[in-house]
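Participant: This is the structure I want to talk about, given as structure tokens.
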Amino acid sequence: MTRAPRHATARPTATVGRAVPRPRRSRPTLPRGVGGTGTVRKTVLPGGLRVVTEAVPSVRSASFGIWAAVGSRDETPELNGATHYLEHLLFKGTATRSALEISSVIEEVGGEMNAFTTKEFTCYYARVLDTDLPLAIDVVCDMLTDSLIAPEEVEAERGVILEEIAMTDDDPSDGVHDLFAHTLLGDSPLGRPVLGTVETVNGLSRDGIADFYRAHYDPTRLVVTAAGNVDHETVVERVRKAFERGGALSGAASAEPAPPRSGRHGISTAGRLDVIDRRTEQVHLVLGMPGVSRNDERRWALSVLSTALGGGMSSRLFQEIREKRGLAYSVYSHTSGYADCGLFGIYAGCRPAQVGEVLELCREQLTEVARQGIDEDETRRAIGQLAGSTVLGLEDTGSLMHRLGKSEICWGEQLSVDDLLTRIAAVTPDDVRKVAAEVLGQQPSLSVIGRLTDRQAARLPAAVAV
């Protein structure tokens, strides 16, 4: 789950002061339209740092980001929350810029800066006018290579993060998804919250965070992306110089980029029920089961299935629960794919008195679709919705930059939009039936946040019964 604006500081592993060779392995041009409508190019710098750009000359903006292949799943139980804490700290000052200067220098040219942490990667980015791209490159690279992680900033930011945890606790529609991950994945790295807990955040030290930074922010695990009115060679040269200044390129010509995550993480949880009693006007729930990994070829069919089941106003869940019966304002299905496993869930927010009926309808749809799949009209409509949202979601340079980075970090390659649309369009009702039987046919688990009477709570176990 992604997070919004943060701050941070530290120093990547590097050989400071060592001469850095010129960029190498520049791949001239990838297929046109990889990500959007521009030309995508990739260069691997000495030390294994990757730079991927997409040139769209017709726009006047540029988005620049640095992606680190580290997320909350890389933390030990004691370090839970360290990745996100570090994300905050990288905004808190470098040897040449204060925290105020980092933010003000971008804002005074009308740009914006932000960052987010997920379970498997972290991203720092800026969006500016194309003429201000050199400034954005300099500032973001400076943050990543020359941050101070000053002890006083660590303590000041601790309070900010504790407030963010409190804010999440006050938003059960968000918190129930963290609970659902824990319901299915338990106290594993993927099951723990990205933000950490009050206890783990209070236990994190400046040295522990700095050590975590040095261990994970290696150039081989970083990807630099830029999209918009950009010139690839210019971006590569500016990034090379910025990282050289920060001492973050080792100059080892043989260093290779770290490969995408792999492995197998089985999820055996079934029929588990987790309830957090909290005084809220609505009850927030997620009913679901293990899904598929982001590398599983079934993910295309599962995306079509999820869209048809709960991906829009014409979906089954929306029609049955909201339109026909008025039982909930928000109801949808969703998938989460990680390197080695995945989750599938149905979210709904409703008044406590409606929980039993909402869960019955959700379970009915899961059972029916697991047995019969969806028909041709539903498949066609879901494919069209997915294709349209994919293309429309790439209408700005920020989205293009995001797609470049996630693709490189997660898969180590760039799929063209045409290839992506072809794979979505190739999904058949039979493909959906098979993945529905395999995924939705599993015994579900349930996560709930809200205040229920004893009678209302007594209806929950039926939703996860065999």
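Participant: Helices (runs of 4 or more DSSP H) wholly in segment 73-183 with at least 1 residues that are surrounded by fewer than 19 Cβ atoms within 10 Å (Cβ to Cβ) - which ones? Steps first, answer last, please.
Facilitator: Working: elements: 82-89, 99-107, 133-146, 151-169.
Per the criteria, 99-107, 133-146, 151-169.
Participant: Inside segment 197-216, can you point out the residues that are surrounded by fewer than 17 Cβ atoms within 10 Å (Cβ to Cβ) and under 21 Å from Ala166 (Cβ atoms)? Before the answer, list the steps.
Facilitator: Going through segment 197-216, the residues surrounded by fewer than 17 Cβ atoms within 10 Å (Cβ to Cβ) turn out to be 197-199, 202-203, 205, 207-208, 211, 214-215.
Thr197, Val198, Glu199, Asn202, Gly203, listed by residue number.
Participant: To continue, here is another question. If I filter segment 245-257 for residues that are of a type outside the set (A, V, I, L, M, F, W, C), modelled with pLDDT of 95 or more and in contact with a strand residue (DSSP E or B) (Cβ under 7 Å, 6 or more places away or on another chain), do I get at least one hit? Outline the logic, then answer.
Facilitator: Initial filter on segment 245-257 (of a type outside the set (A, V, I, L, M, F, W, C)): 245-247, 250-251, 254, 256-257.
Then drop every residue that is not modelled with pLDDT of 95 or more, which leaves none.
The answer is no, given that none of the residues of segment 245-257 is of a type outside the set (A, V, I, L, M, F, W, C), modelled with pLDDT of 95 or more and in contact with a strand residue (DSSP E or B) (Cβ under 7 Å, 6 or more places away or on another chain).
Participant: Regarding segment 376-389, can at least one residue be identified that is in contact (Cβ under 8 Å) with a residue 12 or more places away in the chain and surrounded by fewer than 17 Cβ atoms within 10 Å (Cβ to Cβ)?
Facilitator: So far as segment 376-389 goes, yes, one or more of its residues are in contact (Cβ under 8 Å) with a residue 12 or more places away in the chain and surrounded by fewer than 17 Cβ atoms within 10 Å (Cβ to Cβ).
Participant: Would you pick out the residues in segment 423-466 that are of a type in the set (D, E, K, R) and surrounded by fewer than 19 Cβ atoms within 10 Å (Cβ to Cβ)? Spell out the reasoning first.
Facilitator: First, pick out the residues of segment 423-466 that are of a type in the set (D, E, K, R): 423, 430-431, 433-434, 438, 451, 454-455, 459.
Passing the criteria: Arg423, Asp430, Lys434, Glu438, Arg451, Asp454, Arg455, Arg459.
Participant: Hey, which of the strands (runs of 3 or more DSSP E) in segment 234-342, taking only ones fully inside, have at least 2 residues that are of a type outside the set (Gly, Ala, Ser) and buried (at least 18 other Cβ atoms within 10 Å of the Cβ)? Please lay out each step first, then the result.
Facilitator: Details: elements: 273-277, 283-290, 330-337.
Here the list reads 283-290, 330-337.
Participant: Could you list all residues from segment 358-397 that are under 30 Å from Glu54 (Cα atoms) and outside any helix (DSSP H, G or I)? Steps first, please.
Facilitator: First, pick out the residues of segment 358-397 that are under 30 Å from Glu54 (Cα atoms): 382-397.
Hits for segment 358-397 are Gly393, Leu394, Glu395, Asp396.
Participant: I would also like to ask the following. Within the set of pairs 6+ apart or on separate chains, which have a first residue in segment 146-164 that is within 14 Å of Glu87 (Cα to Cα), a second that is part of a helix (DSSP H, G or I) and polar (S, T, N, Q), and C-beta atoms under 9 Å apart?
Facilitator: Arg158/Asn202
Participant: Of the numbered conditions (1) at pLDDT 95 or above; (2) out of contact with any Ser or Thr (no Cβ under 7 Å at 6 or more places or on another chain), Glu153 satisfies every one except a single condition; which is it?
Facilitator: The failed condition is (2).
Participant: Being among the hydrophobic types (A, V, I, L, M, F, W, C), over 21 Å from Tyr347 (Cα atoms) and assigned by TED's automatic domain parsing to the domain that holds Thr122 is true for just one of Val201, Val176. Which residue is that?
Facilitator: From the options Val201, Val176, the qualifying one is Val201.
Participant: Would you be able to say whether some residue in segment 186-196 is part of a helix (DSSP H, G or I) and surrounded by fewer than 23 Cβ atoms within 10 Å (Cβ to Cβ)? Walk me through how you get there before you give the answer.
Facilitator: Of the residues in segment 186-196, the ones part of a helix (DSSP H, G or I) are none.
Within segment 186-196 (the criterion being part of a helix (DSSP H, G or I) and surrounded by fewer than 23 Cβ atoms within 10 Å (Cβ to Cβ)), the answer is no, since none of the residues qualifies.
Participant: Just checking, does segment 10-23 include any residue being touching a strand residue (DSSP E or B) at 6+ places or on another chain (Cβ under 8 Å), among the charged types (D, E, K, R), at pLDDT below 95 and surrounded by fewer than 21 Cβ atoms within 10 Å (Cβ to Cβ)?
Facilitator: No, there is no match, as no residue in segment 10-23 is touching a strand residue (DSSP E or B) at 6+ places or on another chain (Cβ under 8 Å), among the charged types (D, E, K, R), at pLDDT below 95 and surrounded by fewer than 21 Cβ atoms within 10 Å (Cβ to Cβ).
Participant: Out of Leu446, Leu452, I need the residue that is at pLDDT 95 or above and in a loop (DSSP other than H, G, I, E, B). Which one? Don't jump to the end; show me each part of the working.
Facilitator: Values: Leu446 fails: in a loop (DSSP other than H, G, I, E, B).
Among Leu446, Leu452, only Leu452 is at pLDDT 95 or above and in a loop (DSSP other than H, G, I, E, B).
Participant: Exactly one condition in (1) more than 30 Å from Ile276 (Cα to Cα); (2) at pLDDT below 95; (3) loosely packed, with under 15 Cβ neighbours inside 10 Å is false for Leu394; which is it?
Facilitator: Going through the list (1) more than 30 Å from Ile276 (Cα to Cα); (2) at pLDDT below 95; (3) loosely packed, with under 15 Cβ neighbours inside 10 Å, Leu394 breaks only (3).
Participant: Which residue out of Ser205, Ser173 is of a type in the set (Gly, Ala, Ser) and out of contact with any helix residue (DSSP H, G or I) (no Cβ under 9 Å at 6 or more places or on another chain)?
Facilitator: On the way: Ser205 fails: out of contact with any helix residue (DSSP H, G or I) (no Cβ under 9 Å at 6 or more places or on another chain).
Result of the check over Ser205, Ser173: Ser173.
Participant: Quick check on segment 48-72: of everything there that is of a type in the set (Ser, Thr, Tyr) and buried (at least 23 other Cβ atoms within 10 Å of the Cβ), which residue is nearest to Ala210 (Cα to Cα)? Full working, then the answer.
Facilitator: From segment 48-72, those of a type in the set (Ser, Thr, Tyr) are 53, 58, 61, 63, 72; that's our starting set.
Checking the rest, the ones that are also buried (at least 23 other Cβ atoms within 10 Å of the Cβ) come to 53, 63, 72.
On the way: Thr53: 30, Ser63: 28, Ser72: 15 Å.
For segment 48-72, the residue satisfying everything is Ser72.
Participant: Quick one: is Leu309 closer than 22 Å to Ser173 by Cβ and assigned by TED's automatic domain parsing to the domain that holds Leu440?
Facilitator: Values: closer than 22 Å to Ser173 by Cβ: yes; assigned by TED's automatic domain parsing to the domain that holds Leu440: yes.
Answer is yes for this residue.
The values are calculated or read from the model by the stated rules, or taken from the named source; none is laboratory data. Everything numeric in this text was worked out from a predicted model, so none of it was measured. Cβ: placed from backbone, ideal geometry, glycine included. Neighbour counts: every protein chain shown.
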